[in-house]
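The next block holds one structure in the form of structure tokens; read it before the comments.
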């Protein structure tokens, strides 16, 4: 199985603006179908430890993730817990690469717990229990080595 | 396919560890429980949660219940995340290009 998930898109604007739109206008592009409530708003908060938050008048502010790396025009990475507050933690990395007069935006989405919770049961972490590892091992388990892995 | 149960189930480190263990081969409840410093009933609860999320399935082998990984739950998570980017990125490109045009005017 080809993990992590990768997607790319080309936009007709410079990397600095693409970064600005990705972060500052996140509420305009984030699918309604993937919000806690369709009318909630999504934002990257600024500040010393910026977060990705979802806000709804009735349920208040909910943290969806934390910004790990903020390099305007180059790189953004953040954690995202789709099932916040209890769900799987995933890590999104977005690279902004100048491409002629425009920008190629490469998204890599993997699992991972960079802060590595202290809630690990003592012995649990001896298994590198990550989503990618689980999915990869699962693939090997059912099908033997996948052709995708043989040709990187 | 609804990914919410699988996302919830995967949010717990012990449950992820159980899945990683099962990726190495099918195991009985007892064999799983031996690997963890938590009680057998607690492991059974985790297994039930994984089962209802479609991440594992069980089969009776003699007097034992043997658990194995199940594809459906994993696929639902992947499809859900994949669908997110398929929908989000074209929309992001549209938004970015629109606001760039407005700035350049």
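What to note about this one:
- Scanning the stretch A:46-61 for residues being modelled with pLDDT of 90 or more and farther than 19 Å from residue B:92 by Cβ gives a total of 7.
- Any hit, the stretch B:71-94, residues being crowded, with 20+ Cβ neighbours inside 10 Å and assigned to a loop (DSSP other than H, G, I, E, B): no
- Scanning the stretch A:5-29 for residues that are within 14 Å of the chain's Cα centre (by Cα), at the interface with another protein chain (Cβ under 7 Å from one of its Cβ atoms) and modelled with pLDDT of 95 or more gives a single hit, A:22.
- Positions within the stretch B:40-56 being within 16 Å of residue B:21 (Cβ to Cβ) and in contact (Cβ under 8 Å) with a residue 40 or more places away in the chain, in sequence order: B:49, B:50, B:55
Yes/no matrix, rows are residues, columns are (1) touching a strand residue (DSSP E or B) at 6+ places or on another chain (Cβ under 8 Å); (2) in a helix (DSSP H, G or I); (3) closer than 17 Å to residue B:77 by Cα:
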{"site": "B:9", "(1), (2), (3)": "no, yes, yes"}
{"site": "B:20", "(1), (2), (3)": "no, yes, yes"}
{"site": "B:25", "(1), (2), (3)": "no, no, no"}
{"site": "B:31", "(1), (2), (3)": "no, yes, no"}
{"site": "B:35", "(1), (2), (3)": "no, no, no"}
{"site": "B:47", "(1), (2), (3)": "yes, yes, no"}
{"site": "B:54", "(1), (2), (3)": "no, no, yes"}
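- Qualifying residue in the stretch B:57-66 (condition: crowded, with 20+ Cβ neighbours inside 10 Å and either within 30 Å of residue B:23 (Cβ to Cβ) or touching a helix residue (DSSP H, G or I) at 6+ places or on another chain (Cβ under 9 Å) (or both)): no
- Inside the stretch A:30-45, residues that are touching a helix residue (DSSP H, G or I) at 6+ places or on another chain (Cβ under 7 Å), modelled with pLDDT under 95 and more than 8 Å from chain B (Cβ to nearest Cβ) make up a count of 1.
The values are calculated or read from the model by the stated rules, or taken from the named source; none is laboratory data. Computed from a predicted structure; not experimentally measured. Every residue, glycine as well, gets a Cβ built from its backbone with ideal geometry; the counts of neighbours run over all protein chains shown.
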